[in-house]
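A.B. asks: Shown below is the structure under consideration.
The values are calculated or read from the model by the stated rules, or taken from the named source; none is laboratory data. Since the model is a prediction, treat every value here as computed from it, not as a measurement. Note that each Cβ is placed from the backbone with ideal geometry, even for glycine, and that neighbours are counted across all protein chains shown.
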Ligand code: UDP
Ligand code: MG
């Protein structure tokens with residue numbers, strides 16, 4: 001057993017005061033930079049801590065880089081998910097296995113600067129349960145990202161009436177009570193930046209400058225952004241269902257007006273020229289019906305997923321579990337490592 005394993009399996013070690021949860025998906029370029037910036041900050045906090053890197057099914061060298069970092073950094077714990085489950089699910093996985101009295105979540109790409117952490121912990125001393133990191137400016141984001149993000153937050157606010165902080169992403173420090181409350185939620189497609197404010201726990205916020213991604217490319221293509229928006233809206237509001245009812249009513253009124261027009265046209269003998277309006281009406285009503293069906297489908301789909309109660313992620317490997325039981329499970333995450341060590345011994 002190497003010294004690190006012995007240290008980690010020591011039962012007197014107890015729970016760390018702070019857990020730092022970081023979702024990681026194909027971040028091989030960023031991880032060494034992250035360790036360089038995060039470690040001095042974490043070591044300087046004067047508290048015991050653990051860093052949980054949740055490897056969200058990366059298919060690049062991230063697992064290898066993480067294992068390499070772990071050899072030098074005993075507080076680093078690697079939790080690997082079996083498949084890519086998405087940013088929010090990866091954070092949920094991290095929250096589920098975090099042991100700290102306080103838990104902070106931040107992105108791996110250094111857009112959430114670790115240097116703000118002491119300020120967040122200081123804000124926590126005011127007796128609050130949540131400290132949100134709020135982006136003071138988004139000048140580092142692309143114009144499209146800024147525009148879509150603004151529309152996104154505004155839409156959620158209007159639809160759900162939640163008091164989510166505008167421009168608060170997933171850089172957030174939470175108390176154990178908050179994390180326990182989140183872990184106990186039965187929701188599957190939870191979007192934490194709206195779920196946490198909805199708990200209504202006392203909160204504070206700390207402003208920070210959102211830097212550019214330190215390396216690599218964004219893992220949030222448009223399709224993932226749309227999915228996040230749909231999860232946010234359907235998770236918090238039935239307003240779209242009501243909108244469907246109103247659209248249906250509006251369509252009904254239009255149809256009545258058209259009926260009146262058709263009757264008059266028939267009485268006057270102008271029945272043939274009505275072709276255009278008929279086509280328009282059929283196409284219009286059809287479109288509204290399809291839209292309403294789609295909205296219904298979004299909710300039914302989520303109810304279905306909820307009934308199935310399938311987990312949104314599967315944990316394949318947890319470095320803490322495998323070291324504390326003294327056995328290292330053969331995992332896909334270890335495979336590249338073994339391949340690497342084989343190469344090194346050649
Ligand atoms: N991420 C993840 N799973 C995914 C997509 C992203 O764990 O399917 C992680 C990613 O590694 C990063 C964080 O979520 O740490 C935020 O992703 P990204 O920086 O690509 O998003 P953006 O800042 O562009 O919105
Ligand atoms: Mg980012």
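A.B. asks: Do you know which residues across segment 225-238 are surrounded by 15 or more Cβ atoms within 10 Å (Cβ to Cβ) and either away from ligand 1 (no atom under 16 Å from the Cβ) or assigned to a loop (DSSP other than H, G, I, E, B) (or both)?
C.D. replies: Once the filter is applied, which keeps residues that are surrounded by 15 or more Cβ atoms within 10 Å (Cβ to Cβ) and either away from ligand 1 (no atom under 16 Å from the Cβ) or assigned to a loop (DSSP other than H, G, I, E, B) (or both), segment 225-238 yields 233, 234, 235, 236, 237.
A.B. asks: Right, here's the next one. Based on what the data block shows, is residue 41 crowded, with 23+ Cβ neighbours inside 10 Å, in contact (Cβ under 8 Å) with a residue 60 or more places away in the chain and closer than 15 Å to residue 21 by Cα? First the steps, then the outcome.
C.D. replies: Details: crowded, with 23+ Cβ neighbours inside 10 Å: no; in contact (Cβ under 8 Å) with a residue 60 or more places away in the chain: yes; closer than 15 Å to residue 21 by Cα: yes.
No, not satisfied.
A.B. asks: Would you point out the residue of segment 35-64, among those that are touching a strand residue (DSSP E or B) at 6+ places or on another chain (Cβ under 9 Å), part of a helix (DSSP H, G or I) and closer than 22 Å to residue 117 by Cβ, that is farthest from ligand 2 (Cβ to nearest atom)? Spell out how you get there, then give the answer.
C.D. replies: Going through segment 35-64, the residues touching a strand residue (DSSP E or B) at 6+ places or on another chain (Cβ under 9 Å) turn out to be 35, 38-39, 42-43, 45, 47-58, 62-63.
Then drop every residue that is not part of a helix (DSSP H, G or I), which leaves 35, 38-39, 42-43, 62-63.
Still in the running and closer than 22 Å to residue 117 by Cβ: 35, 38-39, 42-43.
On the way: 35: 17, 38: 15, 39: 20, 42: 20, 43: 24 Å.
Once the filter is applied, the top-ranked residue is 43.
A.B. asks: Next question, about the same structure. Take residue 172 and tell me if it is at pLDDT below 90, within 25 Å of residue 19 (Cα to Cα) and crowded, with 18+ Cβ neighbours inside 10 Å. Quick ask: steps written out before the conclusion?
C.D. replies: Details: at pLDDT below 90: no; within 25 Å of residue 19 (Cα to Cα): yes; crowded, with 18+ Cβ neighbours inside 10 Å: yes.
Criteria not met by residue 172.
A.B. asks: Also, quick follow-up: List the pairs whose first member sits in segment 111-126 and is in contact (Cβ under 8 Å) with a residue 12 or more places away in the chain and at negative phi, whose second member is assigned to a helix (DSSP H, G or I) and within 16 Å of ligand 1 (Cβ to nearest atom), and whose Cβ atoms are under 9 Å apart, counting only residues at least 6 apart or on separate chains?
C.D. replies: Between residues of segment 111-126 that are in contact (Cβ under 8 Å) with a residue 12 or more places away in the chain and at negative phi and residues that are assigned to a helix (DSSP H, G or I) and within 16 Å of ligand 1 (Cβ to nearest atom), the close pairs are 113/37; 114/34; 114/37; 114/38; 115/37; 117/38.
A.B. asks: In this structure, is residue 79 under 19 Å from the mean Cα position of the chain (by Cα), within 16 Å of ligand 2 (Cβ to nearest atom) and buried (at least 23 other Cβ atoms within 10 Å of the Cβ)?
C.D. replies: no
A.B. asks: On to the next question. In the list 256, 249, 222, 263, which residue meets the criterion of being over 30 Å from residue 118 (Cα atoms) and within 16 Å of ligand 2 (Cβ to nearest atom)? Before you say what the answer is, go through the steps one by one.
C.D. replies: Numbers: 256 fails: within 16 Å of ligand 2 (Cβ to nearest atom); 249 fails: within 16 Å of ligand 2 (Cβ to nearest atom); 263 fails: within 16 Å of ligand 2 (Cβ to nearest atom).
So the residue among 256, 249, 222, 263 that is over 30 Å from residue 118 (Cα atoms) and within 16 Å of ligand 2 (Cβ to nearest atom) is 222.
A.B. asks: In addition: Can you spot a residue in segment 159-175 that is in contact (Cβ under 8 Å) with a residue 40 or more places away in the chain and assigned to a helix (DSSP H, G or I)?
C.D. replies: Yes, some residue in segment 159-175 is in contact (Cβ under 8 Å) with a residue 40 or more places away in the chain and assigned to a helix (DSSP H, G or I).
A.B. asks: For segment 131-158, what are the residues that are part of a helix (DSSP H, G or I) and touching a helix residue (DSSP H, G or I) at 6+ places or on another chain (Cβ under 6 Å)?
C.D. replies: At the first step, the residues of segment 131-158 found to be part of a helix (DSSP H, G or I) are 143-158.
Residues satisfying the conditions are 152, 156.
A.B. asks: What is the one condition in (1) modelled with pLDDT of 95 or more; (2) more than 16 Å from ligand 2 (Cβ to nearest atom) that residue 31 does not satisfy?
C.D. replies: For residue 31, the exception is condition (2).
A.B. asks: Kindly indicate which of 255, 344, 244 is modelled with pLDDT of 70 or more, farther than 30 Å from residue 99 by Cα and more than 32 Å from the chain's Cα centre (by Cα).
C.D. replies: Working: 344 fails: modelled with pLDDT of 70 or more; 244 fails: more than 32 Å from the chain's Cα centre (by Cα).
None of the other options fit; the residue is 255.
A.B. asks: Can I ask one more? If I ask for residues that are away from ligand 2 (no atom under 16 Å from the Cβ) and not in a helix (DSSP H, G or I), which ones from segment 85-103 would you list?
C.D. replies: Within segment 85-103, 85, 98, 99, 100, 101, 102, 103 qualify.
A.B. asks: Here is a follow-up. I'd like to verify a number: residues in segment 198-213 that are away from ligand 2 (no atom under 16 Å from the Cβ) and either surrounded by 13 or more Cβ atoms within 10 Å (Cβ to Cβ) or part of a strand (DSSP E or B) (or both), how many?
C.D. replies: Filtering segment 198-213 for residues away from ligand 2 (no atom under 16 Å from the Cβ) gives 198-207.
Still in the running and either surrounded by 13 or more Cβ atoms within 10 Å (Cβ to Cβ) or part of a strand (DSSP E or B) (or both): 198-199, 201, 203-207.
Final tally of qualifying residues: 8.
A.B. asks: Six or more apart or on different chains, Cβ atoms under 9 Å: show the pairs whose first residue is in segment 201-228 and free of Cβ contacts under 8 Å to residues at least 60 places away in the same chain and over 21 Å from residue 191 (Cα atoms) and whose second is within 14 Å of ligand 2 (Cβ to nearest atom) and assigned to a loop (DSSP other than H, G, I, E, B).
C.D. replies: From residues that are free of Cβ contacts under 8 Å to residues at least 60 places away in the same chain and over 21 Å from residue 191 (Cα atoms), the pairs are 217/26.
A.B. asks: Assess whether residue 189 counts as being within 29 Å of residue 34 (Cβ to Cβ), within 16 Å of ligand 1 (Cβ to nearest atom) and in contact with a strand residue (DSSP E or B) (Cβ under 7 Å, 6 or more places away or on another chain). It would help to see each step written out before you state the result.
C.D. replies: Working: within 29 Å of residue 34 (Cβ to Cβ): yes; within 16 Å of ligand 1 (Cβ to nearest atom): yes; in contact with a strand residue (DSSP E or B) (Cβ under 7 Å, 6 or more places away or on another chain): no.
Judged against the criteria, residue 189 is not a match.
A.B. asks: Right, another one. Within segment 215-224, is even one residue more than 20 Å from residue 300 (Cα to Cα), more than 9 Å from ligand 1 (Cβ to nearest atom), part of a loop (DSSP other than H, G, I, E, B) and touching a helix residue (DSSP H, G or I) at 6+ places or on another chain (Cβ under 8 Å)?
C.D. replies: Checked segment 215-224: at least one residue is more than 20 Å from residue 300 (Cα to Cα), more than 9 Å from ligand 1 (Cβ to nearest atom), part of a loop (DSSP other than H, G, I, E, B) and touching a helix residue (DSSP H, G or I) at 6+ places or on another chain (Cβ under 8 Å).
A.B. asks: Search segment 167-183 for residues being within 14 Å of residue 94 (Cα to Cα) and out of contact with any strand residue (DSSP E or B) (no Cβ under 9 Å at 6 or more places or on another chain), and hand back the single one that is nearest to ligand 1 (Cβ to nearest atom).
C.D. replies: 183
A.B. asks: While we're here: For residue 216, are the conditions met, namely being farther than 24 Å from residue 293 by Cα and within 16 Å of ligand 2 (Cβ to nearest atom)?
C.D. replies: yes
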